[in-house]
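A.B. asks: The structure follows.
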Amino acid sequence: MMHIILQFAMDGRSIAADVPVAPRAWAGLVVVAAAAFVVSLDTMVLYVAFGDIRRDFPDVTAASLSWILSGYTIVIAAGMIGAGRWADRLGRRRIFLVGMALFTVASAICAAAPGVGLLVAGRVLQGVGAAALTPASLALILQAFPKSRVPQAIALWGAAGALAAALGPTIGGVFVEAWGWRSVFVVNVPIGIVTAILGPRLLDESCEAKGSRLPDLVGTAAVTIAVVLVALGIVQSDDWGWRDLRTVGALAGGLVLVGAFVARCATVPNPVLALELFSDRGFRWANLAQLLYGTGFTIMFFGNVQFLGDVWGYSPVRTGLAMAPGPLVVFLLAPRFGKLAGRIGHRAILIPGGLVYAAAAVMLLSRAGTAPDYLGVWLPAVLWSGVGVAMIVPLLTSAAVAGLPSDRFATGSAVNAALRNIGQTLGVSIFVAFVGGAARADLLAHHRLAWWLVAAAGLAVTATSWWLPSSAEWLERSRAAVPHPIAKLDYEGT
């Protein structure tokens with residue numbers, strides 16, 4: 001994987017010939033891309049392993065088991081914004097390496113967990129590690145590359161996650177069939193060890209120029225509980241009913257805490273979320289699009305894995321192979337779209353990208369039936385979906401942080417990643433609520449409803465992208481940009 005990513009990186013020619021990139025920056029990109037790979041891989045393999053886990057714990061409901069997925073994404077979403085501030089304050093490389101160590105240890109705990117309780121606890125610890133390393137890894141990229149090369153670098157970073165998505169279902173299927181669901185956690189450990197060894201050698205430390213207070217713990221707790229309550233209300237709605245006081249109370253309580261969180265961020269001197277970041281138009285609209293897209297993408301990916309197994313009767317390995325072409329397309333095309341965005345801006349690619357993605361969902365809901373038809377129905381839709389994802393995923397991240405000052409890179413990228421993970425939490429919750437308790441005879445109708453939601457998410461990306469800076473504005477910014485100081489020093493030192 002590292003060799004492929006490095007080859008893509010070295011093959012890409014500079015958008016601006018007078019803005020060179022130090023070879024050490026490319027090597028560092030390989031390290032942080034490996035971290036993105038293992039974090040994304042862990043999510044993808046669990047989507048395939050979920051059915052095997054359900055069979056191992058037959059007395060536990062699907063709603064309860066969904067916390068194996070949601071507990072991880074909730075902790076990432078809640079902790080990532082604060083982790084970005086810790087990285088800015090204490091050092092991005094330091095926080096990245098600590099997060100990688102936590103993630104690796106937690107993977108070993110999950111592999112050995114005797115019951116659901118410890119498994120969920122291990123997943124929560126994994127989320128802590130992922131929350132720490134993800135914004136720090138993005139900040140390390142943003143500091144090491146000139147601004148005109150940032151879209152390409154982030155696209156390569158995102159391509160590592162796409163490769164994990166491509167390989168994850170297949171790896172998960174093979175491991176589950178051969179050694180059981182516990183083995184999908186073991187595969188994280190050697191990758192984590194290698195990354196921890198190479199990181200100190202290839203990554204440069206950086207932190208904000210002027211020290212500031214660490215993030216507000218009360219605000220962190222408020223947003224964490226808010227996301228938990230909203231997810232709880234959605235997941236349990238099938239058992240409790242949408243009009244039940246427990247469902248209404250959980251959802252209302254979550255929304256009230258979100259409001260309290262925003263109010264606190266506006267008043268305390270060390271807010272978890274710096275609200276002034278939203279004064280940047282690109283940051284504001286790209287993050288809204290990220291939340292909506294993240295919800296739709298998770299409904300699509302997690303839902304499609306369950307569709308292939310529950311409706312078409314595919315084995316875990318066959319499911320993984322059936323899912324692989326779409327993410328592989330993302331891996332191949334995302335760097336190209338990232339490079340193109342450096343020339344023409346994000347908006348010109350994101351607007352049609354949302355439409356392409358929505359069209360793929362419409363293809364499935366209009367053509368997929370109970371009889372398997374991989375070549376005629378599934379493969380065309382998955383490939384088309386891969387093109388849409390390649391046009392969206394890396395560019396939403398890049399568009400969100402492009403207009404921020406360098407000392408807010410980790411914080412800004414953390415907000416973007418946190419919203420993506422909140423979207424994942426909501427996506428799993430919505431899918432479990434709408435499909436998890438459905439009778440076998442009703443599964444197809446429920447999956448079609450899920451695909452409608454995916455199509456709506458694609459259209460939402462197109463709608464919100466209209467408000468991003470135009471191509472002319474982007475080109476003006478790029479011409480005015482200069483290399484980041486660390487990138488310039490690295491190049492001259494080399």
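A.B. asks: Answer yes or no: is there a residue in the stretch 358-370 that is among the charged types (D, E, K, R) and outside any helix (DSSP H, G or I).
C.D. replies: Checked against the condition, which is being among the charged types (D, E, K, R) and outside any helix (DSSP H, G or I), the stretch 358-370 yields no hits at all.
Residue-wise test of (1) within 22 Å of ASN416 (Cα to Cα); (2) surrounded by fewer than 15 Cβ atoms within 10 Å (Cβ to Cβ); (3) modelled with pLDDT of 80 or more.
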| position | (1), (2), (3) |
| --- | --- |
| VAL235 | no, no, no |
| ARG243 | no, yes, yes |
| LEU251 | no, no, yes |
| CYS265 | yes, no, yes |
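A.B. asks: Inspect all residues belonging to the stretch 265-283 and state whether any of them is in contact (Cβ under 8 Å) with a residue 40 or more places away in the chain and of a type in the set (Phe, Trp, Tyr).
C.D. replies: Scanning the stretch 265-283 turns up at least one residue that is in contact (Cβ under 8 Å) with a residue 40 or more places away in the chain and of a type in the set (Phe, Trp, Tyr).
A.B. asks: Given the residues THR134, THR104, which is the only one that is crowded, with 24+ Cβ neighbours inside 10 Å, part of a helix (DSSP H, G or I) and β-branched (Val, Ile, Thr)?
C.D. replies: So the residue among THR134, THR104 that is crowded, with 24+ Cβ neighbours inside 10 Å, part of a helix (DSSP H, G or I) and β-branched (Val, Ile, Thr) is THR134.
A.B. asks: Output the helices (runs of 4 or more DSSP H) that fall wholly within the stretch 391-494 and possess 1 or more residues being at pLDDT 80 or above and small (Gly, Ala, Ser), or say none.
C.D. replies: 409-431, 443-465
A.B. asks: Going through VAL305, VAL311, VAL258 one at a time, which residue ends up being among the hydrophobic types (A, V, I, L, M, F, W, C), closer than 30 Å to PHE50 by Cβ and surrounded by 20 or more Cβ atoms within 10 Å (Cβ to Cβ)?
C.D. replies: None of the others qualify; the one that does is VAL305.
A.B. asks: Within the stretch 85-101, which residues are open to solvent by less than 10 Å² (accessible area, probe 1.4 Å), assigned to a helix (DSSP H, G or I) and either more than 12 Å from VAL128 (Cα to Cα) or in contact with a strand residue (DSSP E or B) (Cβ under 9 Å, 6 or more places away or on another chain) (or both)?
C.D. replies: Within the stretch 85-101, ALA87, ASP88, ARG92 qualify.
A.B. asks: Continuing with the same structure: Exactly one of (1) within 20 Å of VAL461 (Cα to Cα); (2) surrounded by 18 or more Cβ atoms within 10 Å (Cβ to Cβ); (3) of a type in the set (A, V, I, L, M) is unmet by ILE344. Its number?
C.D. replies: With (1) within 20 Å of VAL461 (Cα to Cα); (2) surrounded by 18 or more Cβ atoms within 10 Å (Cβ to Cβ); (3) of a type in the set (A, V, I, L, M) applied to ILE344, the lone miss is (2).
A.B. asks: A further question on this structure: Would you mind finding the one in LEU321, LEU257 that is modelled with pLDDT under 90, at negative phi and out of contact with any strand residue (DSSP E or B) (no Cβ under 8 Å at 6 or more places or on another chain)?
C.D. replies: Criteria check complete, one pass: LEU321.
A.B. asks: Quick check on my filter: what residues within the stretch 22-69 are in a helix (DSSP H, G or I), acidic (Asp, Glu) and surrounded by fewer than 24 Cβ atoms within 10 Å (Cβ to Cβ)?
C.D. replies: Result: ASP52, ASP56.
The values are calculated or read from the model by the stated rules, or taken from the named source; none is laboratory data. All figures in this text were calculated on a predicted structure; none of them were measured in a lab. Using ideal geometry, Cβ is built from the backbone for each residue, glycine included, and neighbour counts are taken over all protein chains shown. All accessible areas refer to the heavy atoms of the entire protein, side chains included, with ligands and DNA or RNA removed. Shrake-Rupley method; radii C 1.70, N 1.55, O 1.52, S 1.80 Å.
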